[in-house]
């Protein structure tokens, strides 16, 4: 299976060099409009099924408001006290269609080069939603600290982010710090709650200016666990939705196991 540029998915030498130097790779036009329509429809169906008539206790940790649905094994993230969904993770076990997309060669083949394993498997899946005039900010962070203790080795997890809509500064595009992965884990916050301690201490990196990654719908951005990144609120009247598949070497436990363990402990 190839994309519109004729790429099966393996990283070229130039892409591998960019990944090594910058910590991320951008591929434009990986998925076409028809495919995006199918994927987006599956995402919106998932959201509707999860939150329809849902009333549960929410709690604020760090910069986010969470609502754990332990019965279904999923964490729902809300936009503050509103009924607007900000994110859902994990979800492959709830949507066979989206799980199938996660193993599309255009994701998996590049991950073979990123991770260095011939059969990468899913670690987690995340749907990020920045609704028009609602989508909130995601503070500067690395994925690594969130995954320590959840992944068997947080260094061995990498993410491919598929943009379902055109992504611009106005609607809260991804912003990255090129080369930030060379510094290892960055200093994190010491104020706030335990979850907030996963966020980068912005005061310690005041001279850092993230670079916006403005891409058209259908683009895929791939990066490792140590790339520092963030996104601003969606100030536009347009959607900014993104589907993130994170992969790890074969034979390792999925993040869903942590939620299942939490459910057992609460019984």
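The values are calculated or read from the model by the stated rules, or taken from the named source; none is laboratory data. No experiment lies behind these values; they were computed from the predicted model shown. Here the Cβ is made from the backbone with ideal geometry for all residues, glycine too, and neighbour counts use every protein chain on show.
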### Task
State yes or no: is residue 262 modelled with pLDDT under 95 and exposed (fewer than 15 other Cβ atoms within 10 Å of the Cβ)?
yes
### Message
Being surrounded by fewer than 19 Cβ atoms within 10 Å (Cβ to Cβ) and in contact with a helix residue (DSSP H, G or I) (Cβ under 8 Å, 6 or more places away or on another chain): is that true of residue 139 here?
### Response
yes
### Query
Given the residues 140, 174, 164, which is the only one that is touching a residue at least 40 places away in the same chain (Cβ under 8 Å) and closer than 22 Å to residue 197 by Cβ?
140
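Residue-wise test of (1) in contact with a strand residue (DSSP E or B) (Cβ under 7 Å, 6 or more places away or on another chain); (2) buried (at least 19 other Cβ atoms within 10 Å of the Cβ); (3) farther than 19 Å from residue 157 by Cα.
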| site | (1), (2), (3) |
| --- | --- |
| 18 | yes, no, no |
| 38 | no, no, yes |
| 83 | no, no, yes |
| 86 | yes, yes, yes |
| 105 | no, no, no |
